[in-house]
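S.K.: Mind having a look at this structure? Questions to follow.
The values are calculated or read from the model by the stated rules, or taken from the named source; none is laboratory data. Source: prediction; values computed, not measured. Don't worry about glycine lacking a Cβ; one is built from the backbone with ideal geometry, like all the others, and counts go over all protein chains shown.
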Amino acid sequence: MGFRSSKKPEVPAINFSIENLRPKSTKWVETCSHVRAALEEYGCFLAECENNVELDDAIFNGLEKLFDLPLETKMKNVSDKPYHGFLDHRAPFVLPLHESFGIENAASFEGVESFVKLMWPSGNHHFCEDLFAYTKMVSEMEKLVKRMVFESYGVEKYYDSHIASTTYLLRGMKYRIPEMGEQNIGAEAHTDKSFFTILHQNGVNGLEIKAKKDDHWIGLQFNPNSFLVMAGDACLAWSNGRIHSATHRVLIEGSKERYSTALFSYHKGVIEIPDELVDEQFPLKFNPFNHYGLLGYFSKEECEKTPSTAGAYCGV
C-alpha cells in the first residue's frame, strides 16, 4: 500500500559557491534576491555548495552505528523541550517508519560531546569530532541565509541580536523500508516550527514539498552537494507572512533505508516582527511571540491539525 506523487523538480536550486557569497558584491546581492524569492514562493530552496565528501560519509556511517545501539541506550536521549529528544513509533504523532535523535546546542562542542558521551559512555572521539565539524558547518550556512534574508528586507540592523539569541537542534533521522502491506509514509505532511531548517540526506530521496499555488507535491532530487534550506513557522511570523512556511512530507520507496539530518534554528526569548515589514500590502498579521512557546503550543495533540500553528498561537 503506497502513495505516489508528481516528481516535477520545481524547487529552486541556488549556487552557494564561494564567489557568490562575498558580501556586498554584485553576485552576493543577486544571490540574496534569489534566496528571498525562493523562500517567498516555495518556502525553501536547494543550496548547492562544495561539500566535504569525507565528512559526509563519516556522518552517515556514524548515524548507522548510532541507530544500531540498544533501545535502552537510545531512550536516554531525553529533553524537557518538545521534539528535542529520541522519537520512535511509540511517541505521539510519530509514524512507524521513523526514528530520530535530538542533539541540543548542536553548534557547540559541549552540546555534541554531551550527546555522544550519553550514547557511548566509553567514548567515540572520532564521531564526536566529525559531528561537531558538521553541525558547525551547517549552522554557519544557516547564519549566512539569515543574513541574506535580513539584508534583502532592509532589516540587517536586527541581525546581530537575532543571531545572539539563536540556538540549534540537530536531528539525526532514520526511515526504515516499509514491510509488505505497510503504508510508505515516513513523515506526514507538516510545517516545521523552527526559524530555518537545513536538511541533508544519504542519497535516498523521499522528501516532498507541497507547492504554494496549486497544492501539488514536488519530489526533491538531492545530489551529494545539496542542502535543503526551509523556512519554518517562526520565520513565517517574523516576516509578517511574507515568507512561506513549506508544508512537506516523507514517502519511503525502494529498497534502501533513508538517513537524513536536519538542523533546526530556534530562538531564546521573544521574537519581534520588524516594523519595516509592516505596510499597506502586509498589515500586521502576528504579535511578538516566544519561539519555544510556539513549539510547545504545537506539541499539544489538539493543535497538531491546526491549519496555521503560527496564526493560532500569535496571529493578530
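S.K.: Any residue at all in region 204-214 that is acidic (Asp, Glu), in contact with an Asp or Glu (Cβ under 8 Å, 6 or more places away or on another chain) and closer than 20 Å to Leu46 by Cβ?
M.R.: no
S.K.: Within region 50-76, track down each residue that is more than 15 Å from Thr261 (Cβ to Cβ), outside any helix (DSSP H, G or I) and either of a type outside the set (Lys, Arg) or touching a strand residue (DSSP E or B) at 6+ places or on another chain (Cβ under 7 Å) (or both).
M.R.: As a first pass, look at region 50-76 and keep what is more than 15 Å from Thr261 (Cβ to Cβ): 50, 53-54, 68-76.
Among the residues that remain, those that are also outside any helix (DSSP H, G or I) are: 50, 68-70, 75-76.
Once the filter is applied, which keeps residues that are more than 15 Å from Thr261 (Cβ to Cβ), outside any helix (DSSP H, G or I) and either of a type outside the set (Lys, Arg) or touching a strand residue (DSSP E or B) at 6+ places or on another chain (Cβ under 7 Å) (or both), region 50-76 yields Glu50, Asp68, Leu69, Pro70, Met75.
S.K.: Name the single residue, out of those in region 240-284 being surrounded by 21 or more Cβ atoms within 10 Å (Cβ to Cβ), among the aromatic types (Phe, Trp, Tyr) and within 25 Å of Arg36 (Cβ to Cβ), that is nearest to the chain's Cα centre (by Cα).
M.R.: Checking each candidate, the answer is Phe264.
S.K.: Another question about this same structure. Would you check if there is a residue in region 98-106 being within 20 Å of the chain's Cα centre (by Cα), without any contact (Cβ under 8 Å) to a residue 24 or more places away in the chain and closer than 25 Å to Leu294 by Cβ? Give the derivation first.
M.R.: Just the residues of region 98-106 that are within 20 Å of the chain's Cα centre (by Cα), to begin with: 98-106.
Within this subset, residues satisfying the condition of being without any contact (Cβ under 8 Å) to a residue 24 or more places away in the chain are none.
No, there is no match, as no residue in region 98-106 is within 20 Å of the chain's Cα centre (by Cα), without any contact (Cβ under 8 Å) to a residue 24 or more places away in the chain and closer than 25 Å to Leu294 by Cβ.
S.K.: Turning to a different aspect of this structure: Being at pLDDT below 80 and among the small types (Gly, Ala, Ser) is the filter here; which residues of region 1-37 pass it?
M.R.: If the condition is that a residue be at pLDDT below 80 and among the small types (Gly, Ala, Ser), then Gly2, Ser5, Ser6 are the ones that fit.
S.K.: If a residue counts only when it is surrounded by 18 or more Cβ atoms within 10 Å (Cβ to Cβ) and modelled with pLDDT of 95 or more, which helices (runs of 4 or more DSSP H) contained entirely in region 81-172 have at least 3 such residues? Break it down stepwise before answering.
M.R.: On the way: elements: 109-119, 125-152, 159-164.
Filter on region 81-172 gives 109-119, 125-152.
S.K.: Val53: surrounded by fewer than 19 Cβ atoms within 10 Å (Cβ to Cβ), of a type in the set (Val, Ile, Thr) and over 25 Å from Lys268 (Cα atoms), yes or no?
M.R.: The answer is yes for Val53.
S.K.: In the set Ala234, Ala262, which member is touching a residue at least 24 places away in the same chain (Cβ under 8 Å), in contact with a His (Cβ under 7 Å, 6 or more places away or on another chain) and within 22 Å of Asn105 (Cβ to Cβ)? Walk me through it before giving the result.
M.R.: On the way: Ala262 fails: in contact with a His (Cβ under 7 Å, 6 or more places away or on another chain).
Of the residues listed, the single one that is touching a residue at least 24 places away in the same chain (Cβ under 8 Å), in contact with a His (Cβ under 7 Å, 6 or more places away or on another chain) and within 22 Å of Asn105 (Cβ to Cβ) is Ala234.
S.K.: Could you check region 204-316 for strands (runs of 3 or more DSSP E) lying wholly inside it with 3 or more residues that are within 19 Å of Tyr175 (Cβ to Cβ) and of a type outside the set (A, V, I, L, M)?
M.R.: Qualifying strands (runs of 3 or more DSSP E): 258-267.
S.K.: Out of curiosity, is Ala187 buried (at least 18 other Cβ atoms within 10 Å of the Cβ), of a type in the set (A, V, I, L, M), under 18 Å from the mean Cα position of the chain (by Cα) and modelled with pLDDT under 95? Quick ask: steps written out before the conclusion?
M.R.: Numbers: buried (at least 18 other Cβ atoms within 10 Å of the Cβ): yes; of a type in the set (A, V, I, L, M): yes; under 18 Å from the mean Cα position of the chain (by Cα): yes; modelled with pLDDT under 95: yes.
Spelling it out, Ala187 is indeed buried (at least 18 other Cβ atoms within 10 Å of the Cβ), of a type in the set (A, V, I, L, M), under 18 Å from the mean Cα position of the chain (by Cα) and modelled with pLDDT under 95.
S.K.: Leu66 - would you say it is in contact with a Gly (Cβ under 7 Å, 6 or more places away or on another chain) and more than 30 Å from Ala237 (Cβ to Cβ)?
M.R.: Spelling it out, Leu66 is indeed in contact with a Gly (Cβ under 7 Å, 6 or more places away or on another chain) and more than 30 Å from Ala237 (Cβ to Cβ).
S.K.: Of the residues in region 210-240, how many are touching a helix residue (DSSP H, G or I) at 6+ places or on another chain (Cβ under 8 Å) and farther than 21 Å from Ser265 by Cα?
M.R.: Going through region 210-240 one residue at a time, the tally reaches 2.
S.K.: Looking at region 154-169, is at least one residue in contact with a helix residue (DSSP H, G or I) (Cβ under 7 Å, 6 or more places away or on another chain), charged (D, E, K, R) and without any contact (Cβ under 8 Å) to a residue 60 or more places away in the chain?
M.R.: Among the residues of region 154-169, at least one is in contact with a helix residue (DSSP H, G or I) (Cβ under 7 Å, 6 or more places away or on another chain), charged (D, E, K, R) and without any contact (Cβ under 8 Å) to a residue 60 or more places away in the chain, which makes the answer yes.
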